[in-house]
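One structure is given here, and the rest of the page talks about it.
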Ligand code: NAD
């Protein structure tokens, strides 16, 4: 049960329990269905050996948690990070179930990862670690069963290694039917145009929709971004054409500020060359607390969990928090921001663009099709605007915040599916 497991360790999973319980109470979720959704279905933990460049063997720990597949195959990213543990992966898997339900795509929720610091390993070591992890997961993933994708410190190249390893484990005549075992692949091996930018693009589509809804002028708006990897850099770049001005950025190398504006395209080139934002020309270096308290119109957290908490939320000085990251705000943070009148576009809606385009990639692979970028963007926009409308409608109906409303949309869909299907036997 969500509650029982959360007591084993205080962490990000406890935030999921809190959010889930709050929404379930508001919408009076059926008690039996609550029991089902409050439980992860499968939790896979693997230890596997990998030969390092120096000839020594190192043992790694990997996870895959499958939360629920009532609406379709399990779906969710793989993260390579030292903080990956069962608590974090459970939380991320559960959020995936809600995200797929809100955007109305036929997937359930899963997540996985390896507890490791990729910066300590060579490219060939990371390739062997990835391939050995795929081998260790074996039939726990599959194109119609559980489909991984990129997350923190994993990318299209890593997805291509997973694909190649998986294909070498299935009989030759089945290989052609298995390329949708992972999404977020390079376009050359079955990836979709627009998957790379999809999560950042989704964040920007939702900010645009919120701005329209609230008659908020995005030209001349200022924004700050935490995390300048896939999500943060794309969101930053795609907001630029609206005339909005990026004024502060933080990543693992430090934080930078320029009140005249930071060019996100130039910063992306710089980060690709030097590995982080630290030292970018024309910017002042600032510390973490100063970064978080920077006054702006929009803050896009796009790094890790638990950034806006009881300790930090008071200092947040923006009108809108658009959660590109998963779980950047904990329940105390939510309450404090609400009291300050700061709106949150919640993660399970705001960063769902990635999984939506992953679904488009999966469909293209199954149908042996290749869509144009414009078609992908148009379909993504439609999905996210519809999801935004469902969430804001529920927020009005229940007079609640957007996170709780997003949960209500997801839980209602899952509740209906279980009521129709019944509980076996
Ligand atoms: P990434 O590895 O491409 O980038 C992560 C960024 O966060 C890097 O810039 C890194 O320097 C920064 N970072 C790490 N630790 C930090 C710290 N302590 N303080 C400040 N910055 C820090 O990862 P990503 O794919 O962009 O994912 C970022 C977030 O978005 C994660 O929460 C992820 O779960 C979420 N997300 C990603 C996708 C996707 O498609 N990639 C989809 C949905 C949600």
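Could you tell me which of the residues 93, 136 is modelled with pLDDT of 95 or more and either assigned to a strand (DSSP E or B) or closer than 26 Å to residue 23 by Cβ (or both)? None of the others qualify; the one that does is 93.
Taken over segment 198-240, the criterion of being part of a helix (DSSP H, G or I), more than 24 Å from the chain's Cα centre (by Cα) and either crowded, with 24+ Cβ neighbours inside 10 Å or free of Cβ contacts under 8 Å to residues at least 12 places away in the same chain (or both) is satisfied by 212 alone. Of all residues in segment 145-167, those that are more than 14 Å from residue 183 (Cβ to Cβ) and at pLDDT 95 or above have Cβ atoms under 6 Å from Cβ atoms of residues that are within 11 Å of the ligand (Cβ to nearest atom) and assigned to a helix (DSSP H, G or I), 6 or more apart or on another chain, in 153/118. Summed over segment 241-259, the residues that are more than 14 Å from residue 224 (Cβ to Cβ) and more than 14 Å from the ligand (Cβ to nearest atom) give a count of 3. Residues of segment 306-322 that are more than 22 Å from residue 258 (Cβ to Cβ) and touching a strand residue (DSSP E or B) at 6+ places or on another chain (Cβ under 9 Å): 306, 308, 309, 313.
Entry remark, segment 303-348: residues being free of Cβ contacts under 8 Å to residues at least 12 places away in the same chain and within 16 Å of the ligand (Cβ to nearest atom) number 1 in total.
Residues satisfying the criterion are absent from segment 97-115 (criterion: in contact (Cβ under 8 Å) with a residue 12 or more places away in the chain, under 23 Å from the mean Cα position of the chain (by Cα), assigned to a helix (DSSP H, G or I) and more than 16 Å from the ligand (Cβ to nearest atom)). Just so you know, in segment 260-277 the residues that are outside any helix (DSSP H, G or I) and more than 18 Å from residue 241 (Cα to Cα) include one that is nearest to the ligand (Cβ to nearest atom), and it is 276. Of all the listed residues (346, 331), the sole one being modelled with pLDDT of 95 or more, in the same structural domain as residue 307 (by TED's automatic domain parsing) and in contact with a strand residue (DSSP E or B) (Cβ under 9 Å, 6 or more places away or on another chain) is 346. Only residues that are more than 16 Å from the ligand (Cβ to nearest atom) and surrounded by fewer than 16 Cβ atoms within 10 Å (Cβ to Cβ) were counted in segment 116-163, giving 7.
Restricting attention to segment 350-368, does a residue exist that is out of contact with any strand residue (DSSP E or B) (no Cβ under 7 Å at 6 or more places or on another chain) and over 23 Å from residue 72 (Cα atoms)? No, segment 350-368 contains no residue that is out of contact with any strand residue (DSSP E or B) (no Cβ under 7 Å at 6 or more places or on another chain) and over 23 Å from residue 72 (Cα atoms). Here residue 359 meets each of (1) touching a residue at least 60 places away in the same chain (Cβ under 8 Å); (2) more than 13 Å from the ligand (Cβ to nearest atom) with one exception, condition (2).
For residue 386, the test of being more than 15 Å from the ligand (Cβ to nearest atom), assigned to a helix (DSSP H, G or I), surrounded by 17 or more Cβ atoms within 10 Å (Cβ to Cβ) and modelled with pLDDT of 95 or more is failed.
The values are calculated or read from the model by the stated rules, or taken from the named source; none is laboratory data. Fair warning: this is a prediction, and the values are worked out from it, not measured in the lab. Note: ideal-geometry Cβ built from the backbone for every residue, glycine included; neighbour counts use all protein chains shown.
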